[in-house]
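Trainee: First, the structure itself, so that you have it in front of you.
The values are calculated or read from the model by the stated rules, or taken from the named source; none is laboratory data. Here the structure is a predicted model, which is why all the values come from computation and not from measurement. In this analysis, Cβ positions are derived from the backbone assuming ideal geometry, glycine residues included, and neighbour counts consider all displayed protein chains. What goes into the accessible areas is simple: the full protein's heavy atoms, side chains included, and nothing from ligands, DNA or RNA. Shrake-Rupley method; radii C 1.70, N 1.55, O 1.52, S 1.80 Å.
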Amino acid sequence: MSKTAEIKFEDKSYSLPIVEGTENEQGIDIAKLRAESGLITLDPGFKNTGSTKSAITFLDGEKGILRYRGYSIEELAEKSTFLEVSYLLIYGELPTAEQLADFQSQIKVHTLVHEDIKKILEGFPSNAHPMGVLSSLVTALTAFYPESLDPNRSSDKVNMSIIRILAKMPTFAAWAYKNEVGHPVNYPDNSLDYCSNFLKMMFALPAEKYEVDPVISSALDKLLILHADHEQNCSTSTVRVVGSSQASLYASISAGINALWGPLHGGANSAVINMLEGIKKDGGDTKKWMAKAKDKDDPFRLMGFGHRVYKNFDPRAKIIKKAADDVLDKLGVNDPILDIAKGLEKEALEDQYFVDRKLYPNVDFYSGIIYRALGIPVDMFTVMFALGRLPGWIAQWKEMRENNEPIGRPRQIYVGENLRPYVGMEKR
Ligand code: ACO
């Protein structure tokens, strides 16, 4: 017999169905509650609200589990590649060798962007933040591919939009950086793999030979895998909500990039480095900064700590911490802020304030240190996150469209003034 939950309100009782997931997650389906009782549910920040049923990513914040399409993040990070994981997320299964080769070659065919995009880029001042440039260029794609505007076109056409954005995002990301430093842009090199091509577009300078370091390229590939999806987080929910109005894939992804930008979400990776640099400059007294983080009158928070859903540990942070050690070791980089980060982590894990609130390092606590060791500038960290999260956004947008989900439109409890007469200017 299917399970139900009872809600008692005033003198009536309402029976609500329980929805069960494949990992035995259970939720109360309140879709009919308002029609039957006049009640809505209130949950600011959607802390306890499921917005959809999804078959893409499973995470268990209490146990520190993260899986894409049933595969553990640990195994994927160790054995897979970013494009393979992208295929898995978007199409639901790991690709065969033939499917992967075809996917890779389709992406390579579309890495180049229309020359007029350069004119848009040139319109930005050189101090423009690369996240703003990236989201603008992604929106601009709608002008170059107007057929992408209709998300209800045949699946072949939608798939072409998917391939195009996967192919062009590294070009946009590298060009956003080139604009920031005032250098000429580099064109894609399709003889290279996804990450190596991106690195070459980022770092190659005119009249200088640039060889991609395989250590850097493979570390970047791993970082992108770790960021590839994270179920209904702030930016992904944004992508789904924007897409639910039947806005195009590019418009939805552009909105996701903007949602990712803030320091409480993807912007945390830059904020962590700025924080660690600040602590170093201030003499490296981690105890002083720990006290600030705990002081309710001080707005300072320990960036890279805490997570809405992970209340035990963030499995991505574990993998990244080890990768940070490996990469810095292989590249021979000795970064004093890695020691400050480890010191802060140690103190926080033993501190009652952090223990009580279940605050642990999140994916961004160590990712910035690796990005820095790879030569990626701080302003670009969140762009790197966007590059990694792209297949997740695409997969979630595609799932939402294929399930024909209704437009996202929450309700509210109104707490403003009741009806009152208009007061003329002379009486105010
Ligand atoms: N430093 C100090 N105290 C913290 C921190 C932190 N980093 N994070 C949470 N707290 C405290 C809060 O002050 C609050 O304390 P209280 O109960 O005494 O009032 C308690 O822990 C719960 O925090 P909330 O803000 O209610 O938790 P929420 O789930 O809303 O926020 C968030 C999660 C935004 C990630 C938060 O932990 C934070 O701001 N962290 C720092 C920014 C960060 O690293 N963001 C990246 C997240 S990962 C990602 O997006 C990829």
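Trainee: Run the paramagnetic zone check for residue 49: 7 angstrom along Cα to Cβ, then residues of region 231-252 with backbone nitrogen under 11 Å.
Mentor: none
Trainee: Same structure, new question: Over all directions, what mean area does the Cα convex hull of region 1-130 project, stated in square nanometres?
Mentor: Spelled out: convex hull of the Cα atoms, projected over all directions, averaged, 15.2 nm².
Trainee: Right, here's the next one. How much area per residue is accessible in the chain when the probe is 1.4 Å and only protein heavy atoms are counted (Å²)?
Mentor: 51
Trainee: Would you calculate the separation in nanometres between label points at residue 118 and residue 339, each defined as 7 Å from the Cα along the Cα-to-beta-carbon direction?
Mentor: The two pseudo-label positions are separated by 4.7 nm.
Trainee: Roughly to the nearest percent, how much of the accessible area of region 165-257 is carbon and sulfur, given a 1.4 Å probe?
Mentor: 56
Trainee: Also: Please build a GNM for the chain, connecting alpha carbons under 10 Å apart, and tell me which residue among 26, 396, 99 fluctuates the most.
Mentor: 26
Trainee: Between residue 97 and residue 74, 0.36 nm times their residue separation minus their Cα-Cα distance comes to what?
Mentor: 6.1 nm
Trainee: While we're looking at this one, here's another question. Which three extents, in angstrom, do the Cα atoms of region 4-50 have along their principal axes, listed largest first?
Mentor: So the three principal-axis extents are 35, 25, 15 Å.
Trainee: Which value at 222 nm does the chain reach when only helices count, each DSSP H run of 4 or more adding -39,500 (n - 2.57), with the total divided by all residues and rounded to the nearest 500 deg cm²/dmol?
Mentor: About -16500 deg cm²/dmol.
Trainee: Would you calculate the convex hull of the Cα atoms in the chain and tell me its volume per residue in Å³?
Mentor: 222
Trainee: For residue 330, what charge total do you get from the other residues with a beta carbon under 14 Å from its beta carbon, if Lys and Arg give +1 and Asp and Glu give -1?
Mentor: Charge balance in the 14 Å sphere: -3.
Trainee: OK, next. Over 26 Å between Cα atoms: which of 118/330; 108/318; 294/342 fall into that group?
Mentor: With Cα atoms farther than 26 Å apart: 118/330; 108/318.
Trainee: Net charge near residue 16, counting Lys/Arg +1 and Asp/Glu -1 over other residues with Cβ under 14 Å of its Cβ?
Mentor: Residues near residue 16 contribute +1 overall.
Trainee: Let me ask you something else. In nm, give the distance between the simple-model label positions of residue 10 and residue 298, each being 7 Å from the Cα along the Cα-to-Cβ direction.
Mentor: Reported label-point gap for residue 10 and residue 298 is 5.1 nm.
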